[in-house]
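The values are calculated or read from the model by the stated rules, or taken from the named source; none is laboratory data. Predicted model, so just to flag it, every value in this text is computed and none were measured. Note: ideal-geometry Cβ built from the backbone for every residue, glycine included; neighbour counts use all protein chains shown.
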Amino acid sequence: MKTKIINISKIYTWNPDSSTVDIFKNHEILIENNKILSIDKSINEKCNVIDAENCVLTPGFIDSHTHPIFIGNRANEFNMRLNGKSYDDIKKMGGGILSSIKSLRNSSFDELFEYSLKNIKPFINFGTTTMEAKSGYGLSVKDEIKSLKVIQKINEELCLDIIPTFLGAHDIPKEYELKEYVDLICEEMIPQIAEQKLAVFCDVFCEEGYFNIKQSERILETSKKYNLKPRVHADEFNYFGASELAANIGALSADHLMVINDKGINALANSKTVATILPGTTFFLNKEKYANGRKLIDKGCTVALASDFNPGTCTIRSLSNIMFLAMQKCGLSLEESFLGVTYNAARSLQKEDSLGLIRKKYKADFILWNINNLEEIPYWFDSSNTKISKVVKNGKLQ
Ligand code: NIG
Ligand code: FE
């Protein structure tokens, strides 16, 4: 059975052919089998009807970088930062990623599932219809597999699509020497996770005090052999060539880039690697220096935006808020930030042929907004969910 959406005031979509945002006024959308069949002034077919009640329609948002599989919170660290402690100081005091690891390891599969489900469910209210989700708070074979199985189960349970990333290389657990842990990742974790088809991507926190260039390269080259495509946490706190590694190794995305330099920018600009900026994290960590999105775009990089939702460095889920920060702090235009949470985010997930545009054959994932113009999306800071009238996922009203 087909469905049509009527009474849409304006459709906004990126147009990759003209590199502009297209606006279709008073058009209708016909949907069949979860996909857009046609977009026309008027569709004369007898079928199910969704009444948009004069709303603006955009593609559903795509969040290409999240860490939602955790239990508990780290609100105490927020307070410690305000009292002058850095992310690094907190790690040395036993907090940071390692404290989330402790709580995840102490939780059963069901407890982790319930908590993570609560972490993920609200994304849909902010218009996210597809998200990438990383493991990375287990850091043992058993707990990484538990985390990825939780993602699998939540993906089955919720309407939004969740694409799993293995992030065993998020930190070095206390019981291992670094070298031993890299061996464990390459020799046990990656083969088992690939064999069980639990992840699509493999990510590494390539950063001083975590995984250096050589170790990151070894992990990502191994993941490639097992058909897990590389992504990299790059140039977040210290520059040591992580974005160049991402470009050279053919990573789909290099993420953070707060401290990237010209060499790194050139490497990304001359590669297919998407430059993903995460301004919510910079804001949440109360750092001065945001990723220079303007420069990345001007130098020819493909720039996506994501939330980086996680218990330590960013609890923002709303991609409308991330658009706001990208415009206000990273120099992106309204159109570039809209592109960053739709089509360019899809590119970083290799979904650009089916997600991120309002176009024939694309997935029928939409947000219906109670607004008049595109600029109202970032403008209604913190209340984008109240401006979202309806979310349509796979052609169905949620
Ligand atoms: O992307 N940088 C590494 N990972 C997360 C932080 C994780 C944590 O602090 O729990 C990030 O910011
Ligand atoms: Fe991250």
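Name the single residue that is farthest from Asp308 (Cα to Cα) among those in the range 240-289 being at pLDDT below 95 and more than 16 Å from ligand 2 (Cβ to nearest atom).
Phe240
Out of all the residues in the range 205-221, is one or more within 21 Å of the chain's Cα centre (by Cα), closer than 30 Å to Gln398 by Cβ and within 16 Å of ligand 2 (Cβ to nearest atom)?
Scanning the range 205-221 turns up no residue that is within 21 Å of the chain's Cα centre (by Cα), closer than 30 Å to Gln398 by Cβ and within 16 Å of ligand 2 (Cβ to nearest atom).
Of the residues that sit in the range 272-291 and are within 20 Å of the chain's Cα centre (by Cα) and surrounded by fewer than 23 Cβ atoms within 10 Å (Cβ to Cβ), which one is farthest from Leu319 (Cα to Cα)?
Lys272
How do the pairs read when you match residues in the range 347-371 that are at positive phi with residues anywhere that are buried (at least 24 other Cβ atoms within 10 Å of the Cβ) and among the small types (Gly, Ala, Ser), using Cβ under 7 Å and keeping only pairs 6 or more apart or on different chains?
Here the result reads Gly356/Ala345; Gly356/Ala346, each pair linking the range 347-371 to a residue that is buried (at least 24 other Cβ atoms within 10 Å of the Cβ) and among the small types (Gly, Ala, Ser).
State whether one or more residues within the range 300-309 are without any contact (Cβ under 8 Å) to a residue 40 or more places away in the chain, buried (at least 19 other Cβ atoms within 10 Å of the Cβ), part of a helix (DSSP H, G or I) and away from ligand 1 (no atom under 15 Å from the Cβ).
No - not one qualifying residue is present in the range 300-309.
Answer yes if at least one residue in the range 203-220 is closer than 28 Å to Met323 by Cα and basic (Lys, Arg), and no otherwise.
no
For the range 88-106, which positions are in a helix (DSSP H, G or I) and of a type outside the set (A, V, I, L, M, F, W, C)?
First, pick out the residues of the range 88-106 that are in a helix (DSSP H, G or I): 88-92, 97-105.
Hits for the range 88-106 are Asp88, Asp89, Lys91, Lys92, Ser99, Ser100, Lys102, Ser103, Arg105.
Which pairs have Cβ atoms under 7 Å, sit 6 or more apart or on different chains, and link a residue in the range 173-187 that is surrounded by 11 or more Cβ atoms within 10 Å (Cβ to Cβ) and in a loop (DSSP other than H, G, I, E, B) to one that is β-branched (Val, Ile, Thr) and modelled with pLDDT of 95 or more?
Every condition considered, the pairs that remain are Pro173/Ile101.
Evaluate the range 176-199: report whether one residue or more is under 17 Å from the mean Cα position of the chain (by Cα), β-branched (Val, Ile, Thr) and within 29 Å of Asp365 (Cβ to Cβ).
no
Restricting attention to the range 359-372, and to residues there that are surrounded by 24 or more Cβ atoms within 10 Å (Cβ to Cβ) and assigned to a loop (DSSP other than H, G, I, E, B), which single residue is farthest from the chain's Cα centre (by Cα)?
Across the range 359-372, the extreme among qualifying residues is Ala364.
Based on what the data block shows, is Cys159 over 15 Å from the mean Cα position of the chain (by Cα) and crowded, with 18+ Cβ neighbours inside 10 Å?
No: the conditions fail for Cys159.
Does the range 96-106 contain at least one residue that is crowded, with 24+ Cβ neighbours inside 10 Å, of a type in the set (Val, Ile, Thr) and within 13 Å of ligand 1 (Cβ to nearest atom)?
Our first condition is that a residue be crowded, with 24+ Cβ neighbours inside 10 Å; within the range 96-106, this holds for 97, 100, 104.
Now narrow it down to the ones that are of a type in the set (Val, Ile, Thr): 97.
Next, from what is left, pick out any that are within 13 Å of ligand 1 (Cβ to nearest atom): 97.
Taking every residue of the range 96-106 in turn, at least one turns out to be crowded, with 24+ Cβ neighbours inside 10 Å, of a type in the set (Val, Ile, Thr) and within 13 Å of ligand 1 (Cβ to nearest atom).
Would you point out which residue out of Ala267, Ala199, Ala234, Ala194 is within 15 Å of ligand 1 (Cβ to nearest atom) and touching a helix residue (DSSP H, G or I) at 6+ places or on another chain (Cβ under 9 Å)?
Criteria check complete, one pass: Ala234.
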